[in-house]
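These notes concern the structure reproduced below.
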Protein chains: 2
Amino acid sequence: MKEGPVIASVAALLGDPARANILTALMDGRALTVSELAEAAGVTLQTASGHLAKLDAANLLTAEKQGRHRYFRLSGPDVAQVLEALMGLAQRTGATRVRTGPKDAALRSARICYDHLAGERGVAMLKRAQRQGLIEGEQDLALTTRGRAFFADFGIDLTRLEKGRRPVCRACLDWSERHRHLGGALGAAILSAMIDRKWVRRDSGRVLTFTCEGVEGFEATFSLA
Amino acid sequence: MKEGPVIASVAALLGDPARANILTALMDGRALTVSELAEAAGVTLQTASGHLAKLDAANLLTAEKQGRHRYFRLSGPDVAQVLEALMGLAQRTGATRVRTGPKDAALRSARICYDHLAGERGVAMLKRAQRQGLIEGEQDLALTTRGRAFFADFGIDLTRLEKGRRPVCRACLDWSERHRHLGGALGAAILSAMIDRKWVRRDSGRVLTFTCEGVEGFEATFSLA
DNA sequence: CTGATGGTTCGGCTATGACCGAAGTATGAA
DNA sequence: TTCATACTTCGGTCATAGCCGAACCATCAG
């Protein structure tokens, strides 16, 4: 029974601490160089290079050469999704450490989940959008006609989003909160718009920091009413 | 960076072939003894016992003592869900072997996913139920009033299901097909009803075999119209 | 050309952990 | 009580794979 079930090979790849560090570092959807990933994983360049070769061979990552750098990114949103699911499971089963450092608090407050907003802010945004009748559904989300007008007004080109293969609305289970936040093409577009208008800033890693105007704008746009 | 991200410890548990075999053997939701699991994993009793202790310590499994047997089962549907997600990822990234034995074909046709119907039949059932207006939604499923009457007529006690904590309808991404099938409390109840009226028989492992009357009943109940 | 930086490959060290034989603990049957 | 079954624990072997130092390619700047 050496052939084992298909899941073992993939899971084993995710099971090494260094590789897991690399993958979580990539969960914000950006592409990083080998050196950056080595730093993030806490190993030397050679070691990281070996790990990356394996992850690439398994098609979990895609590589892109640019000058003398090689950039790696997750090969798709599904990889990020599996990682978040594993985090949820790890938390539920109590494997989580108590470490409640300041970085941890920041992560819980607002962070990037592949390419959209997650954490308390992300959960709040979806909840309020639902209460305002912009989005309907629970597990399966859909834009209402009112929501279409709202987000078009917010500066998002919905017809373009709907042309793509990617689902517009996608409910993504939040790792720290136990509720859902908004992913999909729309989730990505909203975050990108928020960054454009300087509501939010990318810090190191996956942490997102809201500016003063950002908080104000957020509260005004996604009001509780 | 030895502490590593939380996912590594869990993923490492799933990454061993023997343990992965054990977990997939439990994916049909039943509880199995140590010997049975050792057999399924292709290792000796002692080795299996060690693996089970680890999986139990990580709360992925729950143990239950009965006489001189110890029964293990998955600690919840979320574990099965993560396993299915990993299978999907393994398939997408091409880690899957070509092995297309007869057992594989049977698995694709109809199988148990934790406690509900999956495979071609499972996907077909949901699709037809949606077309008939019994269930609505795509990612997030909900019973229509027509659906309530229909399933009550089918012999399912919906008020009882709705009392439980478990969601009644749950869209579960199918591993072999690339579509959704119906999970949740309702999905479990339907499968159990089908077994009661001998539409379907549990074979070894996760394979489900439809009887002649089963196919007939299935087609009559979930018609294409 | 030379030198510097980013990345890969190779070789050897080491630790982890999977595995099984054998001995030890429960539970049930005769 | 005696034996058998189901399982756990212990001890020792062995293979795998992660890790780094060192040497080797590739790209860019002078």
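The set of residues in segment A:179-208 being closer than 18 Å to residue A:133 by Cα and in a helix (DSSP H, G or I) consists of A:186, A:187, A:190.
For residues in segment B:36-50 being in a helix (DSSP H, G or I) and near DNA strand C (Cβ under 6 Å from one of its atoms), which is surrounded by the fewest Cβ atoms within 10 Å (Cβ to Cβ)? That would be B:46. Sub-6 Å Cβ pairs linking a first residue in segment A:31-45 that is farther than 13 Å from residue A:64 by Cβ to a second residue that is at pLDDT below 90 and within 12 Å of DNA strand D (Cβ to nearest atom), at least 6 apart or interchain, are A:42/B:1, ordered by first then second residue. When segment A:209-225 is filtered for residues that are within 19 Å of residue A:127 (Cα to Cα) and not in a loop (DSSP other than H, G, I, E, B), the ones remaining, listed by number, are A:210, A:214, A:215, A:216, A:217, A:218, A:219, A:220, A:221. Scanning segment A:44-72 for residues that are over 16 Å from residue A:29 (Cα atoms) and basic (Lys, Arg), which turns out farthest from the chain's Cα centre (by Cα)? Once the filter is applied, the top-ranked residue is A:68.
Of all residues in segment A:124-151, those that are within 16 Å of residue A:188 (Cβ to Cβ) and either in contact with a helix residue (DSSP H, G or I) (Cβ under 6 Å, 6 or more places away or on another chain) or acidic (Asp, Glu) (or both) total 1. Looking only at residues of segment B:73-114 that are more than 11 Å from chain A (Cβ to nearest Cβ), over 14 Å from residue B:206 (Cα atoms) and more than 14 Å from the chain's Cα centre (by Cα), we find that the one that is modelled with the highest pLDDT is B:101.
State whether the residues of segment B:27-35 include one that is more than 8 Å from every other protein chain (Cβ to nearest Cβ) and either out of contact with any Lys or Arg (no Cβ under 8 Å at 6 or more places or on another chain) or polar (S, T, N, Q) (or both).
Let us first name the residues in segment B:27-35 that are more than 8 Å from every other protein chain (Cβ to nearest Cβ), namely B:27-35.
Checking the rest, the ones that are also either out of contact with any Lys or Arg (no Cβ under 8 Å at 6 or more places or on another chain) or polar (S, T, N, Q) (or both) come to B:33, B:35.
Yes, segment B:27-35 has at least one match.
Is it the case, given these coordinates, that residue A:44 is more than 11 Å from DNA strand D (Cβ to nearest atom) and among the hydroxyl-bearing types (Ser, Thr, Tyr)? Spelling it out, it is not the case that residue A:44 is more than 11 Å from DNA strand D (Cβ to nearest atom) and among the hydroxyl-bearing types (Ser, Thr, Tyr). The single condition among (1) within 7 Å of chain A (Cβ to nearest Cβ); (2) farther than 21 Å from residue A:10 by Cα that residue B:5 does not satisfy is (2). When the residues of segment A:15-35 are filtered to those that are away from DNA strand D (no atom under 14 Å from the Cβ) and not in a helix (DSSP H, G or I), the one that is surrounded by the most Cβ atoms within 10 Å (Cβ to Cβ) is A:32.
The values are calculated or read from the model by the stated rules, or taken from the named source; none is laboratory data. Because the structure is predicted, anything quoted here is derived from the model rather than measured. Cβ sites come from the backbone with ideal geometry, for glycine too, and all protein chains shown count toward neighbours.
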